[in-house]
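Encoded as structure tokens, the structure appears first; notes follow it.
The values are calculated or read from the model by the stated rules, or taken from the named source; none is laboratory data. None of these values were measured; they are calculated from a predicted model. When we count neighbours, we look across all protein chains shown, and the Cβ atoms used for this are built from the backbone with ideal geometry, even at glycine. Areas reflect the complete protein model, heavy atoms only, side chains present, ligands, DNA and RNA absent. Shrake-Rupley method; radii C 1.70, N 1.55, O 1.52, S 1.80 Å.
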Amino acid sequence: MHKGFYYKLAFTNLGKNRKFYLPYMLSCILMVMLHFILCSLSYTDTWQTIPENAIVYTILNLGCYVVEIFALILLFYTNGFLMKRRKREFGLYNVLGMEKRHIGRVLFWETFFAFSASILVGLGLGILLSKLAELGLLRMVGAATDMVYRVSVGGLLLTLGLYAGIFLLILISSLVRVSRSTAVQLMRSQ
């Protein structure tokens with residue numbers, strides 16, 4: 001089969017299954033945005049002007065770790081739900097002659113599209129809202145701030161690397177689920 005076929009099939013699948021993919025994509029975007037905002041806040045040098053900066057920095061770093069763990073659990077759970085709902089579709093592909101490696105290619109492209117959309121929209125919203133979050137936090141602690149807008153490169157790279165790793169793990173998990181199932185098991189699933 002032509003390589004563009006899997007790309008088009010994955011794109012079509014995302015459109016046809018949008019009622020299942022929409023909550024998944026929204027949770028991915030939300031987690032990327034929250035993680036970037038927290039990392040951006042912890043990497044900014046604004047906290048050097050605050051007397052108790054070590055406490056604020058520690059709380060923000062702890063928040064980053066909590067969001068990372070929560071994102072891993074939430075995204076695996078929502079992807080597992082999505083895979084359960086689509087097993088019959090994968091079984092039909094298998095019965096119609098697609099080998100599991102071809103289904104794997106479709107899953108690769110679907111995961112790639114989900115990752116790309118989540119990163120682009122999530123980081124875009126995170127960049128837009130990070131200064132607002134910084135101003136809100138500085139107001140809560142009663143500190144003054146400058147109005148210079150900076151994009152945290154450290155937060156950007158950390159968020160990009162973390163979610164690339166999470167989506168890679170999700171892809172591997174999906175491939176293992178499909179490869180361990182027979183066509184009959186896939187067709188009987190609900």
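Residues that are of a type in the set (Lys, Arg), within 18 Å of the chain's Cα centre (by Cα) and open to solvent by 80 Å² or more (accessible area, probe 1.4 Å): does the stretch 16-23 have at least one? Yes: one or more hits. Going through (1) among the small types (Gly, Ala, Ser); (2) surrounded by fewer than 17 Cβ atoms within 10 Å (Cβ to Cβ); (3) in a helix (DSSP H, G or I) one by one, Gly97 falls short only on (3). In the stretch 154-176, the residue that is most open to solvent (accessible area, probe 1.4 Å) out of those that are farther than 16 Å from Phe112 by Cβ and touching a residue at least 12 places away in the same chain (Cβ under 8 Å) is Leu158. What's the number of the only condition in (1) closer than 22 Å to Leu123 by Cα; (2) over 16 Å from the mean Cα position of the chain (by Cα); (3) open to solvent by 100 Å² or more (accessible area, probe 1.4 Å) that Ile69 fails to meet? Every listed condition holds for Ile69 apart from (2).
The number of residues in the stretch 7-36 that are of a type outside the set (Ser, Thr, Tyr) and over 19 Å from Gly124 (Cβ atoms) comes to 13. Can you spot a residue in the stretch 2-14 that is β-branched (Val, Ile, Thr), at pLDDT below 85 and either part of a helix (DSSP H, G or I) or more than 14 Å from the chain's Cα centre (by Cα) (or both)? Among the residues of the stretch 2-14, at least one is β-branched (Val, Ile, Thr), at pLDDT below 85 and either part of a helix (DSSP H, G or I) or more than 14 Å from the chain's Cα centre (by Cα) (or both), which makes the answer yes. Of all residue pairs spaced 6 or more apart or on separate chains, those with beta-carbon atoms under 9 Å, a first member in the stretch 121-141 that is of a type in the set (Lys, Arg) and a second member that is part of a helix (DSSP H, G or I) and buried (at least 19 other Cβ atoms within 10 Å of the Cβ) are Lys131/Ser40.
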